[in-house]
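Colleague: Pasting a structure here, questions to come.
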Amino acid sequence: MARFVDIHPVDPQPRLVAQVADVLREGGLAAFPTDACYTLGARLSDAGAKQRIIDIRRLDDKHHFTLMCADFAQLGQLVQLDNSVFRAVRAATPGAYTFILPATGEVPRRLLHPRKRTVGVRLPDHRVCQALLAEVGEPLLTSTLLLPGAEEPLAFGWEVKEALDHLVDVVVEGDQTGQEPTTVVDFSEGYPEVVRVGSGDPEPFR
């Protein structure tokens with residue numbers, strides 16, 4: 001059964017955040033709220049995490065996984081940003097956006113889009129996420145918690161616990177979360193293309 005950890009959404013308790021981070025460090029898979037909706041997350045270095053997420057969501061090999069970063073220092077190690085793209089991404093973050101960009105050599109090959117050699121990255125505007133990223137000390141491999149056949153992501157911790165009790169290792173209740181996935185903006189060709197409209201305002205990229 002998954003551990004259930006109730007973290008304050010505005011003032012996350014360090015002791016509880018550390019408990020979730022410990023699960024991730026031990027190779028666990030977490031479900032936690034974000035500024036968009038619930039997400040599945042694990043450490044980048046956990047080679048088995050990708051397959052666990054694929055199995056839960058029944059994803060194909062064209063799916064772009066998202067690397068959730070604490071700040072631009074982490075993001076800049078993972079993706080290539082020219083000045084114009086940097087300014088556009090900087091103006092919209094932190095926020096409910098995922099940006100698809102060419103990956104650097106720091107990204108494990110197994111996490112890249114198989115043809116484009118790109119990866120999704122994002123900087124969340126959610127205190128629980130930010131606290132967890134700071135505690136873990138590295139970006140997290142994440143994917144929206146949208147179950148097969150569902151039209152909307154799960155929005156409440158108790159729903160996640162009920163649905164995934166034996167498939168994840170820890171579920172975080174953070175009270176405040178959106179109910180739409182992120183807006184996805186593809187910068188892989190050097191200009192913005194909105195490929196999914198979600199909780200982030202797409203207008204700055206049109």
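Colleague: Looking only at the stretch 66-83, which residues are without any contact (Cβ under 8 Å) to a residue 24 or more places away in the chain and not in a loop (DSSP other than H, G, I, E, B)?
Modeller: Those that are without any contact (Cβ under 8 Å) to a residue 24 or more places away in the chain and not in a loop (DSSP other than H, G, I, E, B): Ala73, Gly76, Asn83.
Colleague: Here is a check on your reading of the model: is Thr118 crowded, with 17+ Cβ neighbours inside 10 Å, within 28 Å of Val20 (Cα to Cα) and either among the polar types (S, T, N, Q) or free of Cβ contacts under 8 Å to residues at least 24 places away in the same chain (or both)?
Modeller: Answer is no for this residue.
Colleague: May I pose another question? If Lys161 satisfies all but one of (1) basic (Lys, Arg); (2) in a loop (DSSP other than H, G, I, E, B); (3) surrounded by 19 or more Cβ atoms within 10 Å (Cβ to Cβ), what's the number of the condition it fails?
Modeller: (2)
Colleague: May I pose another question? Could you please give the count of residues in the stretch 17-44 that are surrounded by fewer than 17 Cβ atoms within 10 Å (Cβ to Cβ) and either aromatic (Phe, Trp, Tyr) or in a helix (DSSP H, G or I) (or both)?
Modeller: Within the stretch 17-44, residues that are surrounded by fewer than 17 Cβ atoms within 10 Å (Cβ to Cβ) and either aromatic (Phe, Trp, Tyr) or in a helix (DSSP H, G or I) (or both) number 4.
Colleague: Assigned to a helix (DSSP H, G or I) and under 16 Å from the mean Cα position of the chain (by Cα): which single residue out of Ile100, Ile53 fits that description?
Modeller: It is Ile53.
Colleague: Restricted to the stretch 45-63, and to residues that are surrounded by fewer than 19 Cβ atoms within 10 Å (Cβ to Cβ) and not charged (D, E, K, R), which residue is nearest to Ala88 (Cα to Cα)?
Modeller: His63
Colleague: For Glu135, which of the numbered conditions (1) assigned to a loop (DSSP other than H, G, I, E, B); (2) more than 14 Å from the chain's Cα centre (by Cα); (3) closer than 25 Å to Gln74 by Cα fails to hold?
Modeller: (1)
Colleague: Could you say which residue among Thr104, Thr34 is over 28 Å from Trp158 (Cα atoms) and in contact with a helix residue (DSSP H, G or I) (Cβ under 9 Å, 6 or more places away or on another chain)?
Modeller: Unique residue meeting the criteria: Thr104.
A short reminder: the numbers here are calculations on the coordinates, not readings from a lab. Small disclaimer: the values here were computed from a predicted structure and weren't measured. A quick note on method: Cβ atoms are made from the backbone with ideal geometry, for glycine too, and the neighbour counts reach across all protein chains shown.
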